[in-house]
Amino acid sequence: MNWFMSIFKMTCKDVYPLISEEMDRSLSLSGRLRLKIHLAICILCDIYRKQLQILRNLARNLGKEDSQAIETETLNPEVKEKIQKYIEDQI
Amino acid sequence: MSEETLEPEKWVEKYADMLFRYTLVRVKDPDVAEELVQSTFFAALKSQHTFAGKSTEKTWLFGILKHKTMDHFRNAKKNINLDISDSDTDRIQFTTSGHMTPSPNNWNMDPEKATQNKELAEVLAKCLNGLSEKFHRLFVLKEIEGLSSEQICKEFDVKPTNLWVILHRARNQLKLCLESNWINKE
């Protein structure tokens, strides 16, 4: 019963590492329960969790082959020329 | 449907910038990215006979680059200390009354739709560059390369608890960076 009551007294500080960790491992049953109960009553932690999800989606997208995010970055023209010349010499 | 063929003389024009950007997001250092792209083209040229025409030329080239990038990460593991240290501070703190500070503000954004926001992706690219080598490497392996925590710990000799703590702090730093560079300007 004490354990049961203690999950309602969790502070943000106690729960907050779990919000990130659930993205990297499967939490224990007690961890999942603590997180779930806290998120139901704490709007700030719920917002924080959504932010980490948005961050994850953004990162995945940024890493895609056809990501348009850093279009301004281009390979150094000198390096391009060097590679082009090498290829033409070889074929 | 005609089979795909390789046209090496057009590779640089068609794919060099695309491959470079893909690499730059992952390795941070433009010189390293340059080297990886160059060695990808050279390796591709040598192994043209392995191209079966079943994938596109682009997919094939990216495949070679992905191998090169992972090799680079494995070789570089000696040079980056991935253990947690005192300087790896958490940018988010808690007040004595137990509240998160700075307090998270509501981004008012659908997690799925956020990915369509190009400006936000650009800000994230800049924020990623601000991470330390250690935070950058582990965040990239987990969230951009998409390796599992188990794989990262095994291949890069990181203790699971250290990995979780570092990823948490890296996410916090990125989140705060997004807030100060984009979200708050809305």
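The values are calculated or read from the model by the stated rules, or taken from the named source; none is laboratory data. These numbers come from a predicted model, not from an experiment. Here the Cβ positions follow ideal geometry from the backbone for every residue, glycine too, while neighbour counts run over all protein chains shown. The accessibility values were calculated without ligands, DNA or RNA, using every heavy atom of the protein model including side chains. Shrake-Rupley method; radii C 1.70, N 1.55, O 1.52, S 1.80 Å.
Using beta carbons and a limit of 8 Å, which pairs, at least six apart or on different chains, have the first residue in region A:48-71 and facing chain B (nearest Cβ under 7 Å) and over 14 Å from B:Asn172 (Cβ atoms) and the second one part of a loop (DSSP other than H, G, I, E, B) and open to solvent by 70 Å² or more (accessible area, probe 1.4 Å)?
Partner pairs satisfying both residue conditions: A:Asn57/B:Glu112.
From the set of residues in region A:1-13 that are in a helix (DSSP H, G or I) and crowded, with 16+ Cβ neighbours inside 10 Å, which is modelled with the lowest pLDDT?
A:Ile7
Take region B:22-63 and flag every residue that is touching a residue at least 12 places away in the same chain (Cβ under 8 Å), open to solvent by 50 Å² or more (accessible area, probe 1.4 Å) and outside any helix (DSSP H, G or I).
Hits for region B:22-63 are B:Lys54, B:Thr56.
Looking at (1) outside any helix (DSSP H, G or I); (2) without any contact (Cβ under 8 Å) to a residue 40 or more places away in the chain; (3) open to solvent by 60 Å² or more (accessible area, probe 1.4 Å), can you tell me which one B:Lys66 breaks?
If we test B:Lys66 against (1) outside any helix (DSSP H, G or I); (2) without any contact (Cβ under 8 Å) to a residue 40 or more places away in the chain; (3) open to solvent by 60 Å² or more (accessible area, probe 1.4 Å), just (1) comes out false.
So, B:Asp88, is that one more than 10 Å from every other protein chain (Cβ to nearest Cβ), of a type in the set (Asp, Glu) and open to solvent by 50 Å² or more (accessible area, probe 1.4 Å) or not?
No.
Within region A:33-64, how many residues turn out to be part of a helix (DSSP H, G or I) and under 16 Å from the mean Cα position of the chain (by Cα)?
18
Only one of (1) in contact with a Gly (Cβ under 6 Å, 6 or more places away or on another chain); (2) more than 16 Å from A:Arg56 (Cα to Cα) fails for B:Asn105. Which number is that?
Unmet for B:Asn105, out of (1) in contact with a Gly (Cβ under 6 Å, 6 or more places away or on another chain); (2) more than 16 Å from A:Arg56 (Cα to Cα): (1).
Of the residues in region B:9-21, how many are open to solvent by less than 20 Å² (accessible area, probe 1.4 Å) and facing another protein chain (nearest Cβ under 7 Å)?
Number of matching residues: 4.
Would you mind finding the one in A:Ser20, A:Ser30, A:Ser67, A:Ser26 that is assigned to a helix (DSSP H, G or I), hydroxyl-bearing (Ser, Thr, Tyr) and either closer than 14 Å to B:Glu143 by Cβ or open to solvent by 70 Å² or more (accessible area, probe 1.4 Å) (or both)?
The match here is A:Ser20.
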